[in-house]
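These notes concern the structure reproduced below.
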């Protein structure tokens, strides 16, 4: 790969407790600038842990994590990434506009610059005119868009997303998938996206990293060669179905289905009903 | 845009609801007052008719004056040719309220500071918390004279000593709830702040304090009334003559001849406590902006 990777993981392992559970084992992964990479796997495969290690919210037990050409810790201090969780995690006591400007306040931006950027971000996530609302006045999907606007407000080169649409209904989820692709194209950020929906991972990503549980390992990587830009019709292409099948096979080979039993299988099947 | 319009409609509708709710609450309040009055008079009537005796306690006009007599006594002169009792009591109440307010502010500040420091250090928490708890097991009546003597010897005015005594009762609930409330922040909100490389100070002021607000206001409600009690009790050893504490002591001496005056004084003291409580409730409504389901 010619350009310097945005994220580079080398032999990263994570154990919880003293000599206890191995959450991640020997993870090697590189993300090129502008990539959209999904981490998919059953619960307990360590995908959320891996995301937090990239963000220096958890320290790995072993291995090197380089973000934007520097150690993950330094990258966090330099605010090189924005993060979005499964719930919007908006501050109830702040308006939508003030929520979006929170990271800008931390970075010491002045009031005028903040207001201008907040307006841009509201336009970007199509919430123009909602700046003065309070979070609880918005629907779940709108709240999540505010969270995305907040994460991208300072134009970080990297966006970390931890099952951002997992708590939303299928309709809203598909709409936000489309919107996220548009935002990704507009912002040029690199995205790491944790999900357990196969369809969602295939639809959004340039690469899908399939993980297997106990200990968390990379079971395979699927290049998603669907043409860009993607739209509603993308899901109807035969190639889309092929890729979904490919990801599902790798999940099964990695033990994602058998070890977790019925509940997980159901979960993944439900997730595929987006097809 | 349709969502904005709906929000506006809900706001307009809620203004009407508000008036209706206010009227209903006023009605309930009147009902409760009438009920209490009926209970009081019924107990008195039954007690007198059956010559009820509970050991030395006997129900009669001295132990149990009529409520209307208590209220009427407020509008009679407190002594021959003097001002009406209610004027005297309102003056005293205002004086005590000032002590209590100063004590509340001081106690809240000290309590918040202690809670914040302890929340950030497990070591200090282990070391100091037992003594802070112990401080509240010492009766205020034992502490009050010492405070008055210490501060008095430094030339500090009597009412300020009383405020310090009120603060002694106020700081504890605030300290404990601050400690608890500062740890109530959503773990993911803390991760978010960490992702911004936020320092302890920003996390405290931009997140933890806001998350602690419901806890803080619960403490303020307890402390608001406790500060009034503290001020009244503090006035006795401090020898401050202008407050409700002295009025209570004073009318206590005349209880045999004019019991309704002591009862009236108690009513005024209770009213001060209620006003303090309501001020905190209103402040909470103004300060805490939360989703409706979070508002207790």
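The values are calculated or read from the model by the stated rules, or taken from the named source; none is laboratory data. Keep in mind the model is a prediction, meaning the values are calculated, not measured. Because the Cβ atoms are built from the backbone with ideal geometry, glycine has one as well, and the counts that use them run over all protein chains shown.
If the condition is being surrounded by fewer than 22 Cβ atoms within 10 Å (Cβ to Cβ) and more than 7 Å from chain B (Cβ to nearest Cβ), then region A:88-101 contributes A:94, A:95, A:97, A:98.
Of the strands (runs of 3 or more DSSP E) entirely within region A:189-257, those holding at least 1 residues that are at pLDDT 90 or above and within 13 Å of the chain's Cα centre (by Cα) occupy A:190-195, A:207-212.
Hey, any hits in region B:265-288 for a residue that's part of a helix (DSSP H, G or I), within 14 Å of another protein chain (Cβ to nearest Cβ) and buried (at least 16 other Cβ atoms within 10 Å of the Cβ)? Yes, the conditions are met somewhere in region B:265-288.
Contact map, region B:188-199: residues that are at the interface with chain A (Cβ under 7 Å from one of its Cβ atoms) paired with residues that are not in a loop (DSSP other than H, G, I, E, B), Cβ distance under 6 Å, separation 6+ or inter-chain. Pairs shown: B:189/B:207; B:195/A:83; B:196/A:103; B:196/A:106; B:197/A:76; B:197/A:77; B:198/A:106. Going through A:104, A:127 one at a time, which residue ends up being surrounded by fewer than 23 Cβ atoms within 10 Å (Cβ to Cβ), within 11 Å of chain B (Cβ to nearest Cβ) and under 22 Å from residue B:185 (Cβ atoms)? Unique residue meeting the criteria: A:104. Using the structure shown, decide if residue A:11 is in contact with a strand residue (DSSP E or B) (Cβ under 8 Å, 6 or more places away or on another chain), within 23 Å of residue A:214 (Cβ to Cβ) and within 11 Å of another protein chain (Cβ to nearest Cβ). Considered against the rule, which asks whether it is in contact with a strand residue (DSSP E or B) (Cβ under 8 Å, 6 or more places away or on another chain), within 23 Å of residue A:214 (Cβ to Cβ) and within 11 Å of another protein chain (Cβ to nearest Cβ), residue A:11 comes out as no. Checking each residue in region B:205-221 for being surrounded by fewer than 19 Cβ atoms within 10 Å (Cβ to Cβ) and away from every other protein chain (no Cβ under 13 Å) picks out B:218, B:221. Residues in region B:16-56 that are within 17 Å of residue B:267 (Cβ to Cβ) and not in a helix (DSSP H, G or I): none. The lone criterion from (1) away from every other protein chain (no Cβ under 14 Å); (2) outside any loop (DSSP other than H, G, I, E, B) left unmet by residue B:240 is number (2). For region B:253-262, state whether one or more residues are without any contact (Cβ under 8 Å) to a residue 40 or more places away in the chain, in a helix (DSSP H, G or I) and either more than 14 Å from chain A (Cβ to nearest Cβ) or surrounded by fewer than 21 Cβ atoms within 10 Å (Cβ to Cβ) (or both). Yes.
Tell me yes or no: at least one residue of region B:162-176 is more than 19 Å from the chain's Cα centre (by Cα), surrounded by fewer than 22 Cβ atoms within 10 Å (Cβ to Cβ) and either modelled with pLDDT under 85 or part of a helix (DSSP H, G or I) (or both). No: region B:162-176 contains no residue that is more than 19 Å from the chain's Cα centre (by Cα), surrounded by fewer than 22 Cβ atoms within 10 Å (Cβ to Cβ) and either modelled with pLDDT under 85 or part of a helix (DSSP H, G or I) (or both).
Is it true that residue B:192 is at pLDDT 90 or above and in contact with a strand residue (DSSP E or B) (Cβ under 8 Å, 6 or more places away or on another chain)? Here the answer is yes, as residue B:192 does meet what is asked. State yes or no: is residue B:141 in contact (Cβ under 8 Å) with a residue 12 or more places away in the chain, more than 14 Å from chain A (Cβ to nearest Cβ) and more than 19 Å from the chain's Cα centre (by Cα)? No: the conditions fail for residue B:141.
Restricting A:39, A:127, A:57 to those that are without any contact (Cβ under 8 Å) to a residue 40 or more places away in the chain, in contact with a strand residue (DSSP E or B) (Cβ under 9 Å, 6 or more places away or on another chain) and within 25 Å of residue A:143 (Cα to Cα) reduces the list to A:57.
Within region A:69-87, the set of residues being without any contact (Cβ under 8 Å) to a residue 60 or more places away in the chain, facing chain B (nearest Cβ under 8 Å) and crowded, with 18+ Cβ neighbours inside 10 Å comprises A:76 only. Scanning region A:54-68 for residues that are under 19 Å from residue B:197 (Cα atoms) and either in contact with a helix residue (DSSP H, G or I) (Cβ under 7 Å, 6 or more places away or on another chain) or away from chain B (no Cβ under 14 Å) (or both) yields A:54, A:55, A:56, A:57, A:58, A:60, A:65, A:66, A:67, A:68.
So is residue A:66 in contact with a strand residue (DSSP E or B) (Cβ under 8 Å, 6 or more places away or on another chain), assigned by TED's automatic domain parsing to the domain that holds residue A:215 and over 23 Å from residue A:180 (Cβ atoms) or not? Taking the combined requirement at face value, the residue satisfies it. A single entry from B:95, B:104, B:64, B:75 fulfils the requirement of being surrounded by 14 or more Cβ atoms within 10 Å (Cβ to Cβ) and not in a helix (DSSP H, G or I): B:64.
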